[in-house]
Amino acid sequence: MKKRLCIITYILIIISLLLFTYQFPYSCDDWGWATSYGINQLLSKFSNLNGRYLGNILIILISRNNIIKTCFMSGIIFLILYFGTKILKKNNLNLVLVFYAIFLIMPWPIFSQAIIWSSGFCNYAVSTLIIILVIYIILKKAKIKWPFIVYTFIGYCGSLLVENVTIYILIISILINICFYFTKKEISKHYLGLLIGSIIGTFTMFSNPSYFNLVDHTDTYRSIEINTQIIRTLISYLLFLFIIISISIISIYLKTKKFTINSNFLLMFVSTIINFLSIVLLFNKDILASKIFYFILAVFIVSYIIMFYLNRHMINRDIILIFMSILILLAPLFFVFPVGARNFLAIYILVGIIALYFIQKLITLKNKYFYLISFIIISLIYVNCYFNYGKDFKYIKKETNRVVSSIKAKDSLIIIDTQVFNTKVNLPFPFSNEVKHDFCEFYQLDEDSFRFIYK
């Protein structure tokens, strides 16, 4: 009965993902990858673009057919949900449902750039899956045929998607090989394969000529500098995260210690209050408030280090590895500009896994009513996302069809109501002169026969 329920639930999740991702519109870069631009980049080995070879090839493939794109996206998202929960507990169906809810309530900027946008998805969602697989194979050592080949393949492919993920896989594979050797006094063929794959992949990515332009400051898009823009954004995300974690730890503490109040509990409580104060001051533009914010932030960091040390028995090695992964993934983002919300997809998913860890500590997930409650909640969230996001998707498709029809009807001036578009649709603006050439080639239009007029 349990196995049948599991299969039915997985099928329902896959169907819901297929229906959802089918609505996602092509936009901006997607049009270019689906035309001669994509083929020309492939023939030139992306030499003037970047070293994201796997991500670039994937978007060339899925941008040409909506059915292929739908199946590909649904499969990747499902695997993220499936392996993300298997890191914590084997075959817990309730965890998958909760994780699906966490995925659907993802902040819109991340969701629109890394999930809906096909070009972003191929790099950031696929690399997120690779990160989860790397953590999974490190912690669980799954029994598979030809493990050395499989681990090498994962290490290599994962290094050809996003730069900070390439650095992450290289660092984590070095660390895990060193740890294994000093604890077991032998070399693991599994982890050695991961390391070899990551070394080859790192060399392949960063040997791309485009990165030489980044180093000598001739790159017109990217630059290496201290990214002050991301620091404030990152702090706000982390503060909200730590509020959730601290409340969870306090709840677990009260549950296990039977409401005994001592210095350990008071420290956790004070840390949470400091956290709230930090958030209040974070969004205050007053200079004095800004200075107080950084002082309180310093106190907050110290108190949390002490708190986590005192409560280290509540956190196992899986969570420590995930925390370490978040830090390694974040570090490169401080030194490269620009950085978008899409760069935080993997971090959001890893934070979601940490949240699952505390949820399963707080709640008895085997409770017979928990599945039913979770299923009802996830259904309500899904319906809300499907119809609310669906309105935006339909609007974009309607506008695209209107623009294409007007051009084919020989209209020379195409009016785009940017105000309505920006207020009604929470997606990147697709009708810009920068993507006009790709748009026309994608829809087989004469580029010189019209121009966009914005109002």
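When each of the peptides 198-210, 384-396 is scored by how many other beta carbons lie within 10 Å of its residues on average, the order from highest to lowest is 198-210, 384-396.
Where does each of LYS397, LYS69 land when they are ranked from fewest to most other beta-carbon atoms within 10 angstrom?
LYS397, LYS69
When the pairs LYS2/LYS86; LYS86/LYS143; LYS69/LYS410; LYS397/LYS436; LYS143/LYS189; LYS410/LYS436 are compared against a 23 Å limit on Cα-Cα distance, LYS69/LYS410 fall above it. Amide H contacts for TYR454 (H built 1.01 Å from N in the peptide plane; partners 5 or more residues away or on another chain; cut-off under 5 Å): ILE416.
Values quoted throughout were computed directly from the atomic coordinates according to the rules given, and no laboratory measurement underlies them. No experiment lies behind these values; they were computed from the predicted model shown. Don't worry about glycine lacking a Cβ; one is built from the backbone with ideal geometry, like all the others, and counts go over all protein chains shown.
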